[in-house]
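Every read-out reported here was derived from the displayed coordinates using simple, explicitly stated rules and does not represent laboratory data. All values derive from a computational prediction rather than experimental measurement. Cβ atoms come from the backbone with ideal geometry, glycine included; neighbour counts cover every protein chain shown.
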Protein chains: 2
Amino acid sequence: MASPMYRQIAEDLRAQIESKELSPGQQLRTELELREHYGASRNTVRDAIKLLTTLGLVETKPGQGTFVVRKIDPHVTMLTTDPKTGPGGDITQHSGVGQVVISSDPQVEIQKATPSVAEALRIAEGSQVVSRHQKRHIDGTPWSMQTTFYPMGFVLKGADRLIQADDIVPGTVSYLADTLGLRQIGYRDWIKVRTPDATEANFFNLPLDGRVSLYEIFRTGFDQTGTPMRLTVSVYPTDRNQFIVNVGDVPNLNITS
Amino acid sequence: MASPMYRQIAEDLRAQIESKELSPGQQLRTELELREHYGASRNTVRDAIKLLTTLGLVETKPGQGTFVVRKIDPHVTMLTTDPKTGPGGDITQHSGVGQVVISSDPQVEIQKATPSVAEALRIAEGSQVVSRHQKRHIDGTPWSMQTTFYPMGFVLKGADRLIQADDIVPGTVSYLADTLGLRQIGYRDWIKVRTPDATEANFFNLPLDGRVSLYEIFRTGFDQTGTPMRLTVSVYPTDRNQFIVNVGDVPNLNITS
DNA sequence: GGGTATTTGTCCGTATGTATT
DNA sequence: AAATACATACGGACAAATACC
């Protein structure tokens, strides 16, 4: 009837954390101390801590101890912008007060379209695409990775800056409009959540057991004929990112919390 | 140098799963068999399986065995609709082919505004609000929970159907327009991801160790004066839900995958 | 830099409980 | 009722990471 001991221990510690009896950043008692305190074996105490770890309440540091996690101040990204003038293609992060956003130079590759890229751009699977990949940091913390795919035909028709490893200012949307007459009149964002792979866990400094997941947002941009002209795939760790969607008339937001 | 044994075992099994050598739904060898196969102790094999479990690749069933998880066919919800005519207030699920959506009768309560509700509705903390709560199933599977908050003043001014535990057809948006002259001209969705609490894990049949997280979407609706008129908080398990945001002109979507 | 104490990580063996078939 | 398979719990040993002197 009674729940297992490791759960009871975890519940007891959880209550202490929720009630701020143990404050964020504070160190818990060591496994040996908890073992004596609860009259359990060290492995049972470790099971309790393991549970709290996957719940995202504590984190363990070898050689140091177990600590209550400090919640990361989340970064909020607006998904709805004017598709014709605003960023609208790549998803840009909007920095809050005193936040410093740093984007890496794009890493440009010519690739064959994977099935999902081909479907989004409505081109043949295996045909060539330009891939532009960027990483973004905020205040020194890795925040997002994004890759934008363009049909290779754009380059052949004259948009050769797409294959240069530099930022395109004032933006690829207006560059493609100027060069090829392609106007982006809208985009669709498809939002999913999944566990990170090893590369992503490494870049974002996430635990490799997948307990912190990622938003994966597929943004397909459409030109004036309704044809897909670009696909941007962005990933953001869910522990430090939130999103806003505005529909219709919405008053300005003053972020207080 | 070498990674720990339980990781190597997990990696070996993971590779078999990714390569479809072990297909979704298929049973893995038992812990005892794996123990002999890898020449490790049962506890070490269990550590490997535990890792795969938090990665969401396998699930264990006492008395039966360990199985490769079957990926759930995700349900896609459109977040951008016409705020004046469409649902726009409550978030409605759009059913795919042959999917049966069932919404429970709303559970109506009068509550005091929590700080976050008060802030969203721009009313005083602790003032009274009407809370309408609904649960939704698709094809018999629990899919989402949502609670909408209205200022209690709406009821006093005549919108007394808000406190009846029935569906308001054709929708609360048009009901409030007819009754109080409040027209919703826009809304803002704020999208977060967090771990479920015990109640939510129970309703959605999620493991209580928090490895499946929830979208939590705060939708604030605004009337013609730019004043918040409603707050809808919805939660959706991330393992079975995705979202779409359309901006500008976007061609119709035919869902193929 | 080295050495030592502390703390968590890995791995083992064993016993017993619980859920399912 | 019996067999099977995972879940819980204990105790012990050594490794690895970190901090401190």
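Once the Cβ-Cβ distance of residue B:177 and residue A:252 is raised to the sixth power relative to R0 = 22 Å, the FRET efficiency obtained is 0.35. Which residues among region A:34-53 fall inside the zone where the amide N is under 12 Å from a point 7 Å beyond the Cα of residue B:43, along Cα→Cβ? Taking a point 7 Å out along Cα→Cβ of residue B:43, the residues of region A:34-53 whose backbone N falls under 12 Å are A:41-47.
At 37 °C and 0.692 mPa s, grab the translational diffusion coefficient of region A:5-68 from Stokes-Einstein with a Kirkwood Rh over Cα pairs, rounded to a whole number in µm² per second.
287
Each Cα pair under 8 Å and six or more residues apart adds its separation to the average, and for region A:75-244 the resulting relative contact order is 26 percent. Of the trypsin sites (Lys or Arg not before Pro) found in region A:1-61, those that fall in a DSSP loop while having at most 10 other beta-carbon atoms within 10 Å are A:20.
Comparing B:181, B:63, B:221 in a Gaussian network model of chain B (Cα springs below 10 Å), the most mobile by mean-square fluctuation is B:63.
Over all distinct alpha-carbon pairs, what is the Kirkwood Rh of region A:75-244 in angstrom? So the Kirkwood estimate lands at 16.5 Å.
How large, in Å, is the protein assembly as shown by the Kirkwood hydrodynamic radius built from its alpha-carbon pairs? Don't skip to the answer; put the middle values down first.
Details: mean 1/r = 0.0393 Å⁻¹.
In the protein assembly as shown this quantity evaluates to 25.4 Å.
Summary for residue A:253: label point 7 Å along Cα→Cβ; distances to the equivalent points in the other copies, ascending, 2.0 nm. Plainly put, the tip 7 Å out from Cα toward Cβ on residue B:42 is 2.3 nm from that tip on each other copy, the closest given first. Comparing B:72, B:110, B:185 in a Gaussian network model of chain B where C-alpha atoms under 10 Å apart are linked, the largest mean-square fluctuation is found at B:72. GNM on chain A, alpha-carbon springs under 10 angstrom: the most fluctuating residue among A:153, A:140, A:39 is A:39.
Once the GluC sites (Glu not before Pro) in DSSP loops with at most 13 neighbouring Cβ atoms within 10 Å are cut out of chain A, the longest remaining piece is A:126-257. With contributions of -39500 (n - 2.57) from each DSSP H run of at least four residues, the per-residue ellipticity at 222 nm computed over chain A stands at -6500 deg cm²/dmol. Checking the cross-link pairs A:135/B:192; A:20/A:71; A:192/B:71; A:61/B:192; A:71/A:135; A:192/B:192 against a 19 Å limit on the alpha carbon distance flags A:135/B:192; A:61/B:192; A:71/A:135 as lying beyond it. Here the dipole of the protein assembly as shown is about 220 debye; that uses its Cα centre as origin and unit charges on the Cβ of Lys and Arg (positive) and Asp and Glu (negative).
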